[in-house]
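One structure is given below, encoded as structure tokens.
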Amino acid sequence: QVQLVQSGGGLVQAGGSLRLSCAASEPTFSNFAMGWFRQAPGKEREFVAAIPAFDDNTYYADSAKGRFTISRGSAKNTVYLQMNSLKPEDTAVYFCAADPLTRTVVAGTGHYWGQGTQVTVSS
């Protein structure tokens, strides 16, 4: 069964950095767009960032621009989210997603999802 396995996250002070990782269990995911979403308590899940399979474009929510960087590993079936200058409002459970289509990932309707990882930013 295809899986997206997340790692990283944790507790950090405001202004600090964290890196999230999401590894796909199948190498075919190198052909998939991948992305990150987050869901804070009492709020809806929201888009954070996405990266296509075959080009260097990246897409970010306004809240992530200039602070977060999405990238793929050399094997292309792993995606990272480097988060810098973290703020308390970044506190959420973060999910990775994958789908053959970038627009589907950005829309939040990707076919595959990771298990989620908690990021907590203290003030």
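The values are calculated or read from the model by the stated rules, or taken from the named source; none is laboratory data. Note that the structure is a prediction, hence the values are computed from the model and not measured. Don't worry about glycine lacking a Cβ; one is built from the backbone with ideal geometry, like all the others, and counts go over all protein chains shown. Accessible surface is based on the protein model in full, side chains and every heavy atom, while ligands, DNA and RNA are left aside. Shrake-Rupley method; radii C 1.70, N 1.55, O 1.52, S 1.80 Å.
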Assuming Val119 fulfils every condition listed in (1) under 23 Å from Gly15 (Cα atoms); (2) in a loop (DSSP other than H, G, I, E, B); (3) in contact (Cβ under 8 Å) with a residue 12 or more places away in the chain apart from one, which condition is it?
(2)
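Could you list, in sequence order, the residues of the range 53-67 that are modelled with pLDDT under 95 and either among the polar types (S, T, N, Q) or open to solvent by less than 40 Å² (accessible area, probe 1.4 Å) (or both)?
Step one: of the range 53-67, the residues modelled with pLDDT under 95 are 53-57.
Residues satisfying the conditions are Ala53, Asn57.
Taking Thr102 as the residue in question, decide whether it is open to solvent by less than 50 Å² (accessible area, probe 1.4 Å), polar (S, T, N, Q) and over 13 Å from the mean Cα position of the chain (by Cα). Step through it out loud before you land on a result.
Working: open to solvent by less than 50 Å² (accessible area, probe 1.4 Å): yes; polar (S, T, N, Q): yes; over 13 Å from the mean Cα position of the chain (by Cα): yes.
So Thr102 passes the test.
Sort through Ser71, Ser25 and tell me the only one that's over 16 Å from Gly110 (Cβ atoms), polar (S, T, N, Q), free of Cβ contacts under 8 Å to residues at least 40 places away in the same chain and surrounded by 13 or more Cβ atoms within 10 Å (Cβ to Cβ). Before you say what the answer is, go through the steps one by one.
Working: Ser25 fails: over 16 Å from Gly110 (Cβ atoms).
Every option except Ser71 fails the conditions.
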Identify, from the list Gly15, Gly42, Gly35, the residue that is over 16 Å from the mean Cα position of the chain (by Cα), open to solvent by less than 70 Å² (accessible area, probe 1.4 Å) and under 28 Å from Ser122 (Cβ atoms).
Gly15
With (1) within 17 Å of Trp113 (Cβ to Cβ); (2) in contact (Cβ under 8 Å) with a residue 40 or more places away in the chain; (3) among the β-branched types (Val, Ile, Thr) as the list, and Thr91 as the residue in question, which single condition is left unmet?
(1)
What number goes with the only condition from (1) open to solvent by 30 Å² or more (accessible area, probe 1.4 Å); (2) of a type in the set (A, V, I, L, M, F, W, C); (3) touching a Pro at 6+ places or on another chain (Cβ under 6 Å) that Val121 does not pass?
(1)
Note: among Gln118, Gln39, just one is in contact with a Lys or Arg (Cβ under 9 Å, 6 or more places away or on another chain) and at pLDDT 95 or above, namely Gln39
Of the conditions (1) open to solvent by less than 60 Å² (accessible area, probe 1.4 Å); (2) of a type outside the set (Lys, Arg); (3) modelled with pLDDT of 95 or more; (4) out of contact with any Phe, Trp or Tyr (no Cβ under 7 Å at 6 or more places or on another chain), the single one that Gly110 does not satisfy is (3)
Condition check for Ala14: touching a helix residue (DSSP H, G or I) at 6+ places or on another chain (Cβ under 7 Å), in contact (Cβ under 8 Å) with a residue 40 or more places away in the chain and not aromatic (Phe, Trp, Tyr):
yes
When (1) in contact (Cβ under 8 Å) with a residue 12 or more places away in the chain; (2) open to solvent by 40 Å² or more (accessible area, probe 1.4 Å) are applied to Ala97, the one that fails is (2)
